[in-house]
Amino acid sequence: MTVLEVCDGYFSYGSRRIFSGINLELREGEIIILFGPNGCGKTTLLDCILGIHSLEVGEIRVYGKSMADYRPHELARRMAYVPQIHERTFPYLVREVVLMGRTAYISPFNGPSREDHLLAREAMKDVGIESLQDRLYTQLSGGEVQLVMLARALAQRSPIIIMDEPASHLDFRHEIMLLEKIASLVKERGLSFVIATHSPNHAFYFENNGIPTTMAIMNEEKIFAMGSPRSVLTEETMMKVFRVDSKILSYRTGRKKSGAIIPLATIPDGYDDK
């Protein structure tokens, strides 16, 4: 089942075009990885998908219905968001922040129900932050806050989760734990993800673990290449898009074929690599 579509999307800031001709299709239990250099429009595209900005041309459909036809609380029950940067403006307890993920299900005249509290606790357990629940989230590290934001998204119980650089503040262990958690949510719950990242090996990780993964490489206001990570993450693509000399590794673990990318060196602008 198709859960999210971007159809011929175009967006600009005044006379500055950010992207055009964007077409994406996300199905249930799949991941789309948005990858590309700084300023290529990944975050702006996510903002359009979330309804923060509106496409100037094109349409975004969620479960076959135009986003424009959804009320905010209806859309929140279908899509959750894990931001790259979160401003901590008030010293809420961690459990209170995670409980905010239930807002779309709570009437303005009622407080959180017992079920809401149970789902929030379950979400904290899912990402391994139960021990933080009574801490002030203004006193957490950047990586810990990122895990709190993921728990809040899980408490929201939305089938689509949008993530912008979710591992940017995580140490190596917690980065791998995050990828493992995303993979298990896809396999066990059938959740769907759109993830913007600067790490091409995130895409390889999901593909290596049998997750249906589409990689959309954005560059120069459009999608430069799209397909499975193994088909679009090539040494030639890394050279053209990033001016980085790299090596794509292909190896087997048991019967499973896996891939990874190793950066070797940047190539100076103007250097003719043909």
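General observations
- Test: residue 34 is more than 15 Å from residue 162 (Cβ to Cβ) and in contact with a helix residue (DSSP H, G or I) (Cβ under 6 Å, 6 or more places away or on another chain): no
- Across the range 110-130, the number of residues qualifying as part of a helix (DSSP H, G or I) and either β-branched (Val, Ile, Thr) or assigned by TED's automatic domain parsing to the domain that holds residue 170 (or both) comes to 0.
- Among residues of the range 162-220, those that are of a type in the set (D, E, K, R), out of contact with any Leu (no Cβ under 8 Å at 6 or more places or on another chain) and within 24 Å of residue 78 (Cα to Cα), counted: 5
- Residue within the range 74-87 that is more than 18 Å from the chain's Cα centre (by Cα) and closer than 30 Å to residue 205 by Cα present: yes
- Qualifying positions in the range 63-92 - within 19 Å of residue 43 (Cα to Cα), part of a loop (DSSP other than H, G, I, E, B) and touching a strand residue (DSSP E or B) at 6+ places or on another chain (Cβ under 8 Å): 83, 84
- Among the residues of the range 246-266, those that are surrounded by 15 or more Cβ atoms within 10 Å (Cβ to Cβ) and free of Cβ contacts under 8 Å to residues at least 24 places away in the same chain comprise 246, 248.
The values are calculated or read from the model by the stated rules, or taken from the named source; none is laboratory data. Because the structure is predicted, anything quoted here is derived from the model rather than measured. Glycine also receives a Cβ, built like all others from the backbone with ideal geometry; neighbour counts cover every protein chain displayed.
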